[in-house]
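Undergrad: Take this structure, written in structure tokens, and hold onto it; I'll ask about it next.
The values are calculated or read from the model by the stated rules, or taken from the named source; none is laboratory data. All values reported here derive from a predicted model rather than from experimental measurement. Cβ placement follows ideal geometry from the backbone for every residue including glycine, while neighbour counts extend to all protein chains displayed.
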């Protein structure tokens, strides 16, 4: 069950009431008690909310033997609200002073995602997404916000010497066995990493490693390097959950988006 009525509202306010999610379980010491279960929805008393059934079985493969990443995926809860909950064991987020000051000053209503702009990387909007493959290309197609897509070049090219800064950057992928590795540079500095407001600069460089250990799970391990905002690189890990009956629905965030004026207070995870 997902919000489908009109007017369509931005994810930030909807998220506090009802969200379709998949979550990577962080260590218990870092996981608030009110977080939804893997692939679950925020449980609101009196609302008939649901989560996709658990899917078991081996991961499918393409005719060439590579893993098949198709399907409709529910995003990891921690990649929506607060990436610090998804840290790989032993890693820490150490912000530089200017970045920490910026994060503390951010207001929830200024979140670009709340204003119908793209989420960037590694953030996910709290809506389903899918992966489509074509010769030399791979596309991430998002239901949320502006119904945007992200292009991954799989044709063996190298990064541009000076790419124009964009929301999703310049992404180049390759296979390492059963792992899809996506290397991205050329980001702008406009998007936030999460609802909590973790910042970044145009020096951001990410390396994503996608694996499908079974039919119902897509693991996303992201190493984040940004010498303009963080003292050292760190890695976060998320588990996206397959929705076997899900579909990507039309959702136009810009239509009658009245949320930002009602989103008050400092930036913070609302999940």
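Undergrad: Can you report the number of residues in the stretch 142-175 which are at pLDDT below 95 and over 18 Å from residue 186 (Cα atoms)?
TA: 6
Undergrad: Is at least one residue of the stretch 74-89 buried (at least 16 other Cβ atoms within 10 Å of the Cβ) and within 15 Å of residue 212 (Cβ to Cβ)?
TA: Initially, the stretch 74-89 is screened for residues buried (at least 16 other Cβ atoms within 10 Å of the Cβ), giving 74-87.
Adding the requirement that they be within 15 Å of residue 212 (Cβ to Cβ) leaves 74, 76.
Among the residues of the stretch 74-89, at least one is buried (at least 16 other Cβ atoms within 10 Å of the Cβ) and within 15 Å of residue 212 (Cβ to Cβ), which makes the answer yes.
Undergrad: Just wondering, is there one or more residues in the stretch 97-110 that are touching a strand residue (DSSP E or B) at 6+ places or on another chain (Cβ under 8 Å), under 17 Å from residue 253 (Cβ atoms) and outside any loop (DSSP other than H, G, I, E, B)?
TA: Yes, the conditions are met somewhere in the stretch 97-110.
Undergrad: Looking at the stretch 204-220 only, could you name the residues that are surrounded by fewer than 19 Cβ atoms within 10 Å (Cβ to Cβ) and closer than 24 Å to residue 95 by Cβ?
TA: Listed by number, the residues that qualify are 205, 207, 209.
Undergrad: Could I ask something else about it? Quickly run through the stretch 229-271 and pick out the residues that are at pLDDT 90 or above and touching a helix residue (DSSP H, G or I) at 6+ places or on another chain (Cβ under 8 Å).
TA: 229, 230, 236, 237, 238, listed by residue number.
Undergrad: Only residues that are touching a strand residue (DSSP E or B) at 6+ places or on another chain (Cβ under 9 Å) and more than 18 Å from residue 194 (Cα to Cα): list them for the stretch 61-88, please.
TA: Scanning the stretch 61-88 gives 61, 62, 66, 67, 68, 69, 70, 71, 72, 73.
Undergrad: Now, a different point. Give the stretch 58-74 a look and list any residue that's on the phi < 0 side of the Ramachandran plot and not in a strand (DSSP E or B), or say none.
TA: 58, 59, 60, 62, 63, 64, 66, 68, 69, 70
Undergrad: Does any residue in the stretch 143-172 that is on the phi > 0 side of the Ramachandran plot and buried (at least 16 other Cβ atoms within 10 Å of the Cβ) come within less than 8 Å, Cβ to Cβ, of a residue that is part of a strand (DSSP E or B) and at pLDDT 95 or above six or more places away or on a different chain, and which pairs are these?
TA: 169/184; 169/185; 169/187; 169/206
Undergrad: Can you pull out the residues in the stretch 188-203 that are buried (at least 22 other Cβ atoms within 10 Å of the Cβ) and either within 18 Å of residue 232 (Cα to Cα) or over 18 Å from the mean Cα position of the chain (by Cα) (or both)?
TA: Within the stretch 188-203, 193, 198, 199, 200 qualify.
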